[in-house]
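Please read the structure below before turning to the comments.
The values are calculated or read from the model by the stated rules, or taken from the named source; none is laboratory data. Keep in mind that this is a model prediction, so the values were computed, not measured. Glycine gets a Cβ as well: all are built from the backbone with ideal geometry, and neighbour counts include every protein chain shown. The area values use the complete protein model at the heavy-atom level, side chains included, leaving out ligands, DNA and RNA. Shrake-Rupley method; radii C 1.70, N 1.55, O 1.52, S 1.80 Å.
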Amino acid sequence: MQARIFSAEPRLVGSLRPPPDKSISHRALLLALLARGVSRLDHLSTALDVAATASMIEGYGASLRVDGSVTLVESSGRAGLIEPDRILDLGNSGTGARLGIGVATLVPGLSFFTGDDSLRQRPMGRVIGPLRQLGATISARNGDTYLPAMVSGGGLVSGTVHLAVASAQVKSALLFAALGVDGPVTVVEPVLSRPHTEELFGLTGIDLVEDFVEDSEAHRVTIVGPAQPSPFSFRIPGDPSAAAFFVVAAACTPGADLEVEEMYLGPTRTGFLEVLERMGAHLTRDHGRLRVQGSSLEGVEIGGSIIPSLIDEIPILCVAAAFAGGLTIIHDAGELRIKETDRIETTAELLMSFGVTVEKLTDGLVVHGGLQPGSLGAGQRRVGANLDHRIAMAAAILGMLAGGMTEIDGVETVATSYPGFFRDLEALSSVTIELV
């Protein structure tokens, strides 16, 4: 599918309610699977990635029923999980696959995982290795690195797992697996990654002990198993990673005035807002609401411990960097190379197609700013999204800000995370969009 973005003059005004948070939706579904009884999930994400996780938990014996904005999940609980009678296809969802492999260690029998062409090229060894430290039996393709993978449930033992790289997905897979261990499981990560799993565990009566390793940023979390979650009710907040595209667009647009409602503003998800404020963006936060007013931005250096909190937002932050004065230098972001695409390469290619000077680093990028909103109004360009949803959405925002006509190939992948993206972009801005 192709999107054609026609933009005469950048403008972004109005109110945005971002789609339900995808990361939290995955975890809520898996926790509802492990709880005995009926859990009530309000405002569950409709993204294709989350639909793949919903299908997976049905394979383990859960039943789902949608009643308006509420998804009711009924399950026999952790002890009642059944061996799937089919291969579990997670589509493009890396989160669903990695967390699902952790849950599969709790299920008697065999679980088989696969995904689409993109997911089958994304590394799973990073979750398989740590789970094996707890005694998990897992096999995967190409030296236990890629999907398809097979998990033989049971046999887990207590222990401490030290993660070389902070990863909310790996940490979460281990915490789910820990529910079936007889004894304590401790996960130590170099810095705190997204704590959504810990937050949701707290809703279901599972006791966690969290602290930071003395004289370091390392975060430590311990669960003593076996543990049985209780059914719960929860409203999924708005996704900051989805809202980031519009926040950046407003921050870069003179005269823009955008209000974002019901967005998750908890720890480790607002790193991109901190960076935008350092760049000079006018942001106001008040009780779950965020107001963004257009301003002039300046380049900054981004690296170190803030990177895990904004790794998904780097492509759109690079769009902000293109319209900022001076240089923006991003480092310590080597994780970008193992996303849906090599996002260092694909982000650089996108910016360069608009005439932006970009230097590619092993673990990041250097973006030379100075592009002016509307300055390419007479131009026409064609770019590829490489079937990466974040690159597709970043391209659309860049096209809107630059002006003229931008053709983006491969935008169907946007539905994996933000099905209503183009509708919201057209409603909030002055662009005209054709999907062909």
**Q.** Residue in the stretch 223-241 that is modelled with pLDDT under 95, in a loop (DSSP other than H, G, I, E, B) and among the hydrophobic types (A, V, I, L, M, F, W, C) present
**A.** no
Q.
As an exercise: evaluate THR95 against (1) closer than 23 Å to LEU163 by Cβ; (2) in contact with a helix residue (DSSP H, G or I) (Cβ under 8 Å, 6 or more places away or on another chain); (3) open to solvent by less than 10 Å² (accessible area, probe 1.4 Å) and give the number of the one condition it does not meet.
A. (3)
Q. Could you say whether any residue in the stretch 278-291 is assigned to a loop (DSSP other than H, G, I, E, B), at pLDDT 95 or above and either over 21 Å from SER309 (Cβ atoms) or not hydroxyl-bearing (Ser, Thr, Tyr) (or both)?
A. yes
Q: With the condition kept exactly as written, say whether any residue in the stretch 354-362 is crowded, with 19+ Cβ neighbours inside 10 Å and among the basic types (Lys, Arg).
A: no
Q.
Filter the stretch 119-168 down to the residues that are open to solvent by less than 30 Å² (accessible area, probe 1.4 Å), under 25 Å from ALA333 (Cα atoms) and not in a helix (DSSP H, G or I) and list them by number.
A. ARG122, PRO123, MET124, LEU147, VAL161, LEU163, ALA166, SER167
Q) Out of all the residues in the stretch 169-194, which are open to solvent by less than 10 Å² (accessible area, probe 1.4 Å) and not in a strand (DSSP E or B)? A) VAL170, LYS171, SER172, ALA173, LEU174, LEU175, PHE176, ALA177, ALA178, LEU179, VAL181, SER193
(Q) So in the stretch 49-84, with the set limited to residues that are within 18 Å of GLY154 (Cα to Cα) and charged (D, E, K, R), which one is farthest from the chain's Cα centre (by Cα)? (A) GLU83
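Does GLU345 qualify as being modelled with pLDDT of 95 or more, in a helix (DSSP H, G or I) and surrounded by fewer than 18 Cβ atoms within 10 Å (Cβ to Cβ)?
Values: modelled with pLDDT of 95 or more: yes; in a helix (DSSP H, G or I): yes; surrounded by fewer than 18 Cβ atoms within 10 Å (Cβ to Cβ): yes.
So GLU345 fits the description; yes.
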Q) Going through the stretch 217-257 one residue at a time, which ones are over 30 Å from LEU401 (Cα atoms) and either free of Cβ contacts under 8 Å to residues at least 24 places away in the same chain or among the acidic types (Asp, Glu) (or both)? A) GLU217
Q: Would you mention how many residues in the stretch 366-397 are in contact with a Phe, Trp or Tyr (Cβ under 6 Å, 6 or more places away or on another chain) and either within 21 Å of ASP116 (Cβ to Cβ) or assigned to a loop (DSSP other than H, G, I, E, B) (or both)?
A: 2
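Return the only residue of GLY410, GLY420, GLY399, GLY403 being among the small types (Gly, Ala, Ser), under 14 Å from LEU351 (Cβ atoms) and either in contact (Cβ under 8 Å) with a residue 40 or more places away in the chain or surrounded by fewer than 24 Cβ atoms within 10 Å (Cβ to Cβ) (or both).
Numbers: GLY410 fails: under 14 Å from LEU351 (Cβ atoms); GLY420 fails: under 14 Å from LEU351 (Cβ atoms); GLY403 fails: under 14 Å from LEU351 (Cβ atoms).
Matching residue, one of GLY410, GLY420, GLY399, GLY403: GLY399.
Here is a check on your reading of the model: is LEU273 part of a helix (DSSP H, G or I), crowded, with 17+ Cβ neighbours inside 10 Å and either modelled with pLDDT under 95 or within 19 Å of the chain's Cα centre (by Cα) (or both)?
Against the criterion (part of a helix (DSSP H, G or I), crowded, with 17+ Cβ neighbours inside 10 Å and either modelled with pLDDT under 95 or within 19 Å of the chain's Cα centre (by Cα) (or both)), LEU273 qualifies.
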Q | One residue from GLY205, GLY266 being open to solvent by less than 30 Å² (accessible area, probe 1.4 Å), assigned to a loop (DSSP other than H, G, I, E, B) and modelled with pLDDT under 95 | A | GLY266
**Q.** Of all residues in the stretch 288-320 being closer than 18 Å to PRO267 by Cα, of a type outside the set (A, V, I, L, M, F, W, C) and out of contact with any Leu (no Cβ under 7 Å at 6 or more places or on another chain), the one that is surrounded by the fewest Cβ atoms within 10 Å (Cβ to Cβ)
**A.** GLY304
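Which one of these is modelled with pLDDT under 95, at negative phi and of a type in the set (Ser, Thr, Tyr): SER139, SER152, SER172, SER167? Spell out the reasoning first.
On the way: SER139 fails: modelled with pLDDT under 95; SER152 fails: modelled with pLDDT under 95; SER172 fails: modelled with pLDDT under 95.
Just a single option satisfies the conditions, and that option is SER167.
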